[in-house]
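Student: Got a structure here, written out as structure tokens. Questions coming.
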Amino acid sequence: MDRPLLSLRSALIFLLALLAGGAASGLTAAGGEGTARSLLAGLAAAGLAVPFFNRLIADEDHPRQPADVVNATTAEEKSHG
């Protein structure tokens, strides 16, 4: 097996989600909540962080255009059409 199990992008997304979940869990524990609630808060934050970071980190196969470029072309089409 010559290729890695996860791509670099996937590993980064999971690492950031793990850090976000750990931070949420630690802050919840520091706030005086119990261990179970801290763990649940961390798991919930990690679960929500995966799709967030997935959208935030651009995919190499699908480059995205800036919003002002997309809006400028639609405004030009409306004025000319």
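Student: Among the numbered criteria (1) open to solvent by less than 90 Å² (accessible area, probe 1.4 Å); (2) modelled with pLDDT of 90 or more; (3) among the hydroxyl-bearing types (Ser, Thr, Tyr), which single criterion is violated by Thr35?
Tutor: The single condition Thr35 does not satisfy is (1).
Student: Report every pair of residues separated by at least 6 positions or lying on different chains whose Cβ atoms are under 7 Å apart, first residue within the stretch 20-42 and in contact (Cβ under 8 Å) with a residue 24 or more places away in the chain, second assigned to a helix (DSSP H, G or I) and open to solvent by 60 Å² or more (accessible area, probe 1.4 Å).
Tutor: Going by the 7 Å Cβ cut-off, the qualifying pairs are Gly21/Leu43.
The values are calculated or read from the model by the stated rules, or taken from the named source; none is laboratory data. Please read these numbers as outputs of a predicted model, since none were measured by experiment. Cβ atoms come from the backbone with ideal geometry, glycine included; neighbour counts cover every protein chain shown. When the accessible area is computed, the model is the full protein with side chains, heavy atoms only, and any ligands, DNA or RNA have been set aside. Shrake-Rupley method; radii C 1.70, N 1.55, O 1.52, S 1.80 Å.
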